[in-house]
Amino acid sequence: MDFEKLKETTKMKICFLAGANSIHSYRWIKFFADKGYEVHWISLVPNIFGNIKGVEFYRFREFPAKPLDILFNAIPVRKLIRKINPDILHAHYAGVNGVLGALSGFHPFVLTAWGSDILIVSKNRLVKLFIKFALKKADLITCDAEHMKEAMIELGADSSKIKIVYFGVDIRKFSPGLRDEKLIEKLKIQNCPAIISLRNFDPIYNLETLIKSIPLVLKEVPEAKFIIAGRGPEEEKLKNFAKNLKVLESIRFVGWISNEELPAYLRTVDIYVSTSLSDAGIASSTTEAMACGLPVVITNTGENDKWIDDGENGFLVGAKNPRALAEKMVVLLRNRILREKFGAEARETVMEKNDYYREMEKMEKIYQNLI
């Protein structure tokens with residue numbers, strides 16, 4: 001029986017073990033619910049997005065204090081999965097969700113590694129053992145970068161089980177469009193070029209470098225404004241740092257922007273920047289900006305150089321280099337034609353390589369093949 005006929009005669013039942021506070025999980029799960037599959041969603045954190053039509057949602061308490069506390073949820077989660085009896089069990093994140101999936105003993109078991117679970121968290125010796133266990137138990141593993149694949153192979157994963165599947169960008173939702181006049185008024189950026197950063201206020205995203213670059217940009221383009229969106233433990237520290245550098249008036253700290261509001265912001269500003277010290281694949285916020293036709297200036301980390309051809313569809317700069325970051329922003333701020341060229345090329349890159357619908361259809365075939 002070919003795949004199309006199999007799809008017609010089989011109503012696949014999928015159970016996801018995934019955090020309900022992540023837009024990545026939400027969009028992945030919603031795709032399969034919208035396709036008419038029977039979907040169950042188990043999360044250790046509250047659902048911040050609301051219910052998805054047709055999805056059964058289950059919430060378990062998270063025990064975040066110590067790695068071994070994961071065992072408190074192992075038995076009830078295992079019982080629930082057995083009761084649901086899905087065709088596929090899919091855990092997002094190789095840490096707690098991956099380990100719970102592995103401990104359930106259910107197969108076929110799919111595991112999606114996100115980045116920090118493999119590249120950062122696994123440096124803890126005990127956590128590393130848990131993650132290696134999850135990788136070994138998985139029947140299939142997905143990730144969104146070749147260097148992630150290599151890192152998992154070093155942790156003992158079978159290379160034949162690993163497939164590259166991108167989270168993808170909804171290029172229908174994230175597309176070029178008119179500036180939002182109400183947003184311009186709200187942000188007080190009338191007649192001002194604007195730069196946006198969407199990375200959270202965590203050390204790994206290195207917002208300090210961006211703030212250090214701002215006086216250098218203002219020296220050349222004094223009317224420039226910086227929209228810094230996000231949340232995290234370094235928020236007050238960064239605001240105080242900006243105040244000490246006397247650039248606070250040129251910054252708009254706007255907090256967390258919902259995925260629904262984000263396209264309007266990206267269409268209203270002129271440049272997107274990311275100063276991250278580490279990424280798995282290219283960051284979703286970067287590809288969303290590219291899909292909206294924004295020129296990007298991002299750090300040359302992870303596999304960013306596989307997405308950004310420096311000087312063709314964006315700029316790459318070294319990490320922790322505020323001067324280089326400022327120089328590239330100034331070049332773009334002074335050259336509208338170059339901004340438009342980079343933006344158009346960036347959107348083409350996303351449409352060709354990171355279309356959400358195409359990636360999820362790829363995953364659909366992977367599920368069917370496993371069954």
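The values are calculated or read from the model by the stated rules, or taken from the named source; none is laboratory data. Nothing here was measured: the structure is a model prediction, and the numbers come from that model. Cβ: placed from backbone, ideal geometry, glycine included. Neighbour counts: every protein chain shown.
Close Cβ contacts (under 7 Å, 6 or more residues apart or on different chains) running from residues in the range 302-318 that are among the charged types (D, E, K, R) to residues that are assigned to a helix (DSSP H, G or I) and at pLDDT 95 or above comprise E312/E345. Just so you know, in the range 87-97 the residues that are under 22 Å from the mean Cα position of the chain (by Cα) and at pLDDT 95 or above include one that is farthest from I371 (Cα to Cα), and it is H92.
Here Y205 meets the list (1) free of Cβ contacts under 8 Å to residues at least 40 places away in the same chain; (2) out of contact with any helix residue (DSSP H, G or I) (no Cβ under 9 Å at 6 or more places or on another chain) almost entirely, failing just condition (1). A single entry from P76, P86 fulfils the requirement of being surrounded by fewer than 21 Cβ atoms within 10 Å (Cβ to Cβ) and assigned to a loop (DSSP other than H, G, I, E, B): P86. Working only within the range 238-255, note down all residues that are surrounded by 12 or more Cβ atoms within 10 Å (Cβ to Cβ) and among the charged types (D, E, K, R). Once the filter is applied, which keeps residues that are surrounded by 12 or more Cβ atoms within 10 Å (Cβ to Cβ) and among the charged types (D, E, K, R), the range 238-255 yields K239, K243, R252. Taking the range 170-226 as the range and being within 30 Å of S25 (Cα to Cα), surrounded by 20 or more Cβ atoms within 10 Å (Cβ to Cβ) and small (G, A, S) as the test, only S197 passes. Residues in the range 330-344 that are under 16 Å from V221 (Cα atoms) and touching a residue at least 40 places away in the same chain (Cβ under 8 Å) were compared, and the one that is surrounded by the most Cβ atoms within 10 Å (Cβ to Cβ) is L332. Residue pairs whose Cβ atoms lie under 7 Å apart, separated by 6 or more positions or on different chains, with the first residue in the range 354-371 and at positive phi and of a type in the set (V, I, T) and the second surrounded by 16 or more Cβ atoms within 10 Å (Cβ to Cβ) and not in a helix (DSSP H, G or I), do not occur.
Residue-by-condition table, conditions (1) under 25 Å from I257 (Cα atoms); (2) not in a loop (DSSP other than H, G, I, E, B):
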position	(1), (2)
T287	yes, yes
E312	no, no
A324	no, yes
Y357	yes, yes
